[in-house]
Amino acid sequence: MHPEIIKDKPGSCPICGMDFVKKETGGSASTEIGLEALLKPTNEFVVSSIPVTTIEKKEEHIKIEALGTIAYDTRAVGTISARVSGRIEKLYVRYRYQKISKGQRIMDIYSPEILTAQQNLLFLLKNDPENKTFIESAKQKLLLLGMSSEQLQRVVQTKQTSFTISVYSKYSGHVHESAGASMNTSSEKMKDISQLTEELSLKEGMYINKGQSVFIVYNPNQAWALLNIFGDNQGLVKKGNSVHIIPETAPNKDFRASIDFIEPFYRKESKTLTARVYFNNSSLKIPIGSQVRAVINGNSKDAYWLPKEAVLSLGLDKVVFHKVDGGFKAHKVNTGILHDEHIQIISGLTATDSVAVNAQYLMDSESFIKVKQ
């Protein structure tokens, strides 16, 4: 008889003519799993013997990884301004980012105002030397206009006016041209490295105004690390948390510090919170702009935890497979932070609820996608 020929009543095979034989299985009905469970959609109920687990309440010491960059500490930024109006006779700083030291001569300015004040002082010294009040006032005016004590003493001794006044830096660091002094501010926005070290737009013979900011000096020895904190970790990072910072280009220059300030705003085109770590860069010499990795010791978290594999993400929703009679049922939960191999459970489960250890094994991808769309 040909086995592919099946009928629901006695008869003969149409091919070979043999009589049909009744097929018997001898099986028995199963009472362990009901028919209802087997007929349920896989996105609602799954029959499986996978191991289970329960939520565990414990205190976790949170370590948060973050990326960031090294930047100038703007608290150490100094400004070199002109105290008088005049013409630049001599410029001793030639290019952007030139390194200068405190007390270094920056430029010489010719100023009619300074020249007139010197002439007034010399006139008083020659014609009214006993008028100490007026003489001291004339000297004080020259000092306030930016003349140094050495220059003033030389004018008094030689009885000769100085046609220029020297401007000295009060800060050490790298010179950046002030936006107010720049004649071509668009070059500051360019990425070409040649623009960073090109000569200054400020030239000898140019005129500057009283109070005009000419140069800005950034001190590379005073720096801070700007760390980017993502949204799910922002509540765990507080001012004062210890942090271990590792420069990617020089891992041997790693150091430990603490979070000094958390910016109360999001930077432009960024969805991460920025934390600042101040540090002394005089010995480390980490280049400004370097990329760094950081491990932040966040606040301890006393909460309920599950293995992260037990929770399945469906986009906006998170589900676990809750153990019920005969199998597992998909159950929505609210989760918190992800730490190491555990995820925080905020609500949706009790301490007695059993869930599948690995939710991925129980998911029918197609049925879940169809239901959740």
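The values are calculated or read from the model by the stated rules, or taken from the named source; none is laboratory data. This is a predicted model, so every value here is computed, not measured. Counting neighbours? That spans all protein chains shown, and the Cβs are built from the backbone with ideal geometry, glycine included. Areas reflect the complete protein model, heavy atoms only, side chains present, ligands, DNA and RNA absent. Shrake-Rupley method; radii C 1.70, N 1.55, O 1.52, S 1.80 Å.
Write out the chymotrypsin sites (Phe, Trp or Tyr not before Pro) in the stretch 125-184 meeting two conditions: DSSP loop, and at most 15 other Cβ atoms within 10 Å of their Cβ.
Sites meeting the loop and neighbour criteria: Phe163.
Starting from the Cα-Cα distance between Leu122 and Lys99, subtract it from 0.36 nm times their residue separation and give me the gain in nm to one decimal. Present the calculation step by step, with values, prior to reporting the outcome.
Numbers: separation 23, 0.36 × 23 = 8.28 nm, distance 3.80 nm.
Length gained between Leu122 and Lys99: 4.5 nm.
Compute the separation of the alpha-carbon centres of the stretch 101-148 and the stretch 46-80 and state it in Å as a whole number.
The stretch 101-148 and the stretch 46-80 have Cα centres separated by 60 Å.
What does the extension gain come out to for Glu199 and Lys90, with contour length at 0.36 nm per residue minus their alpha carbon separation? Please report the intermediate quantities before stating the final value.
Details: separation 109, 0.36 × 109 = 39.24 nm, distance 1.48 nm.
Stretched out fully, the Glu199 to Lys90 stretch lengthens by 37.8 nm.
Kindly identify the stretch 282-334 as rounded, prolate or oblate by the Cα gyration tensor criterion: order the square roots of the eigenvalues as a ≥ b ≥ c, call it rounded if a/c is under 1.5, otherwise compare a/b with b/c, prolate if a/b is larger, else oblate.
Numbers: a/c = 5.03, a/b = 3.10, b/c = 1.62.
It comes out prolate by the Cα gyration axes.
For the stretch 217-345, what is the charge dipole size about the Cα centre, in debye to the nearest 20, if Lys and Arg each add +1 at the Cβ and Asp and Glu each add -1 at the Cβ? It would help to have the intermediate numbers written out before the result.
Numbers: 16 positive and 12 negative charges, 50 e Å.
About 240 debye.
Before I look further, what does the stretch 88-162 give for accessible area per residue, probe 1.4 Å, in whole square angstrom?
Details: 4490 Å² over 75 residues.
So the stretch 88-162 comes to 60 Å² accessible per residue, rounded to a whole number.
Which of the trypsin sites (Lys or Arg not before Pro) across the stretch 70-154 are loop residues per DSSP, with 14 or fewer other Cβ within 10 Å?
Values: sites: Arg75, Arg83, Arg87, Lys90, Arg94, Arg96, Lys99, Lys102, Arg105, Lys126, Lys132, Lys139, Lys141, Arg154; in loops: Arg83, Arg94, Arg96, Lys102.
Taking the stretch 70-154 and a limit of 14 other Cβ atoms within 10 Å, the loop trypsin sites (Lys or Arg not before Pro) found are Arg94, Lys102.
Once Lys and Arg get +1 and Asp and Glu get -1 on their Cβ, which of Leu312, Tyr278, Tyr266 lies farthest toward the positive end of the dipole of the stretch 250-327?
So the residue furthest toward the plus end is Tyr278.
Using amide H atoms built in the peptide plane, which far-off residues or other-chain residues are under 5 Å from Asn281 H to H?
Gln222, Ala223
What is the magnitude of the charge dipole of the stretch 260-330 about its Cα centre, with +1 placed on the Cβ of each Lys and Arg, -1 on the Cβ of each Asp and Glu, and no other charges, expressed in debye to the nearest 20? Don't skip to the answer; put the middle values down first.
Numbers: 11 positive and 7 negative charges, 41 e Å.
So the magnitude is around 200 debye.
Provide the FRET efficiency to the nearest 0.05 for the Val156-Gln291 pair, computing r from the beta carbons and using R0 = 51 Å.
On the way: r = 56 Å, r/R0 = 1.10.
Efficiency for this residue pair is about 0.35.
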